[in-house]
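Reading through the structure tokens given below for one structure.
FYI, it's all coordinate maths here, none of it is from the lab. It should be emphasised that the depicted structure is a prediction, and the values quoted were computed from it without experimental measurement. Virtual Cβ from ideal backbone geometry, glycine too; neighbours counted across all protein chains shown.
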């Protein structure tokens, strides 16, 4: 062994210590939650009720330990990628909603909505695995019972058309909200074309 | 003729009796698996199935991903949750009846990583969404968040 060389055990120890400190630097916070903007760009809030305190996150890329023991801290993009890259990549295609409108009284779609139906089918077929809800609505003209039935007839008619357009094997939940869920609030006995609708959600 | 009528009545009654059961079985599902890479499982009432796109998730279902695997779920209210490797999550409660004001989404994340995107439940009733973890409870005010739970050493 020359004078410039350190004994092997010392080198080993130094390396191990360096490695351990590097690893702990990489590991970052242990159990934590981080707030990020929603896909639509809006930013909400996240609260933590921990065993050792409560925290509230209000800024993007802010994090808090899940035990609530420390005030919120900033989390780097690199850290988020390291901890959540796989979970983020596994995120399914977000749900998509379509609104179809009807002529007065029956289950006949307006001309524009007939054209939209084809786009619904294309979007549904583009998803790897799709389930959908088809919810019928009416305006407030006529009795509530009759509107409940009318809205269900609308949803059922649309679901049947979709099945005939290539979605025969798609899981569909068909429902009626009658006149209980107005898109445009109106008094009773009001004809309102925007309330005569079927809402389709692709998931 | 009378006999035939009786038989058909009996058959109708049997068919009607079977209906609510079918409806209940249908409504048990609260979401579907949409994405899977690697090995992942959904266990519902003791039945463990290998997860694939289209696998149903119900109240009480436990989701598990293997090391290196990931999985994504879309719930009926459009809440989207996806998980990274070596993750365990349970759906403790799920209520989605907006007309009756019945809204709840409670899950437990025992370990692993989660990417959560809020749906209708969080929009209508923010207090109704919680994610329990071994050291604390996450509450949501309509947003996207990420959570990591390290398994106890």
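Using equal-weight Cα scatterers in the Debye expression, the normalised intensity of segment B:42-110 in log10 at q = 0.28 Å⁻¹ is -1.44.
The calculated pair-distance distribution of segment A:62-127 uses every alpha carbon pair, bins of 5 angstrom beginning at 0, and gives 3, 12, 13, 11, 10, 8, 7, 8, 8, 8, 7, 3, 0 percent. So what's the angle, to the nearest 10 degrees on a 0 to 90 scale, between helix A:8-27 and the longest Cα principal axis of chain A? Around 20 degrees separate the two axes.
Distance from the Cα centroid of segment B:61-98 to that of segment A:137-192 is 30 Å (rounded to whole angstrom). What residue among A:173, A:155, A:87 shows peak mean-square fluctuation when chain A is described by a Gaussian network model with Cα springs under 10 Å? Result for chain A, Cα springs under 10 Å: A:87 fluctuates most. Under the criterion of Cα pairs below 8 Å and six or more residues apart, the relative contact order for segment B:89-152 equals 32 percent. Give me the tail of P(r) for segment B:82-153 as a percent: Cα-Cα pairs with distance above 19 Å. That fraction is 33 percent. The residues A:83, B:77, when put in order of fewest to most other Cβ atoms within 10 Å, stand as A:83, B:77. Shape analysis of segment B:21-153 based on the Cα gyration tensor places the equivalent ellipsoid semi-axes at 22, 19, 12 Å, largest first. To the nearest 10 degrees, how steeply does helix A:144-162 sit against the main Cα axis of chain A, on a 0 to 90 scale? For helix A:144-162, the angle is close to 70 degrees.
Computed as a quarter of the hull surface, the mean projected area of the alpha carbon convex hull for chain A stands at 19.9 nm².
Could you state the orientation-averaged shadow area of the convex hull built on the Cα atoms of segment B:32-79, in nm² to one decimal?
3.1
Report note on the peptides B:105-112, A:33-40, A:158-165: ranked by the mean count of other C-beta atoms within 10 Å, highest first, their order is B:105-112, A:33-40, A:158-165. Once the Cα atoms are used to define both axes, helix A:77-89 deviates from the longest principal axis of chain A by about 40 degrees. By the helix-only formula, in which each DSSP H run with n ≥ 4 contributes -39500 (n - 2.57) and the sum is divided by residues, chain A has a 222 nm mean residue ellipticity of -11000 deg cm²/dmol.
Listing A:148, A:175 from fewest to most neighbouring C-beta atoms within 10 Å gives A:175, A:148. In segment A:112-160, the ratio of gyration radius to Kirkwood radius, Rg to Rh, stands at 1.09 when only Cα atoms are counted. Each listed q (0.12, 0.20 Å⁻¹) maps to a log10 I(q)/I(0) for segment A:110-200, found by the Debye formula over equal Cα scatterers with no solvent: -0.38, -0.91.
Three principal axis extents describe the C-alpha atoms of segment A:42-85; from largest down they are 27, 23, 14 Å.
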